[in-house]
Amino acid sequence: MIDKQRGYMPSNSMKELIGDNAMLLPAISRFDIAFGFGDGSIDKICRDNSVDTGTFISVCDLLSGYDCSHIHISLPSLMGYLKRAHTPPLQC
């Protein structure tokens, strides 16, 4: 269950995160996290994909309108996200 006061927690499942805000799907892909993660926790999926969990949660909190000031952010992880957010999609 997502705590609306505290935002997303590492122990929340990725499924809960998407259920709370489906508009986070593009953000997930911009962190290079492949879909098909099942019921895994945010922390486990981030670790499995070499993504800084705090940065991921902060971005998701910000995009969902939750307080994002309480979590440590990794600058390299955030820069990777921002670069992928401004790269045009591949043309088929």
Might you let me know whether region 14-32 holds any residue that is in contact with a helix residue (DSSP H, G or I) (Cβ under 9 Å, 6 or more places away or on another chain), of a type in the set (A, V, I, L, M), surrounded by 14 or more Cβ atoms within 10 Å (Cβ to Cβ) and not in a helix (DSSP H, G or I)? no
Yes or no: region 57-67 includes at least one residue that is in contact (Cβ under 8 Å) with a residue 60 or more places away in the chain and either buried (at least 16 other Cβ atoms within 10 Å of the Cβ) or not in a helix (DSSP H, G or I) (or both). yes
Pick from ASP39, ASP32: which is of a type in the set (Asp, Glu) and in contact with a Ser or Thr (Cβ under 8 Å, 6 or more places away or on another chain)? ASP39
Would you confirm whether or not region 82-89 contains a residue that is without any contact (Cβ under 8 Å) to a residue 60 or more places away in the chain, surrounded by 12 or more Cβ atoms within 10 Å (Cβ to Cβ), more than 19 Å from ASN21 (Cα to Cα) and touching a Ser or Thr at 6+ places or on another chain (Cβ under 6 Å)? no
Looking only at residues that are in contact with a Cys (Cβ under 9 Å, 6 or more places away or on another chain) and buried (at least 17 other Cβ atoms within 10 Å of the Cβ) in region 1-13, which one is nearest to ASP43 (Cα to Cα)? TYR8
Go through region 47-67 and report how many residues are within 13 Å of the chain's Cα centre (by Cα) and either modelled with pLDDT under 85 or small (Gly, Ala, Ser) (or both). 4
Test of understanding: among ILE18, ILE28, which residue is touching a residue at least 12 places away in the same chain (Cβ under 8 Å) and either among the aliphatic types (A, V, I, L, M) or closer than 16 Å to ASP61 by Cβ (or both)? ILE28
If we scan region 68-76, do we find a residue that is crowded, with 17+ Cβ neighbours inside 10 Å, over 10 Å from the mean Cα position of the chain (by Cα), among the small types (Gly, Ala, Ser) and under 24 Å from ASP3 (Cα atoms)? no
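The values are calculated or read from the model by the stated rules, or taken from the named source; none is laboratory data. Nothing here was measured: the structure is a model prediction, and the numbers come from that model. All Cβ positions, even for glycine, are placed from backbone atoms using ideal geometry, and neighbour counts span all protein chains on display.
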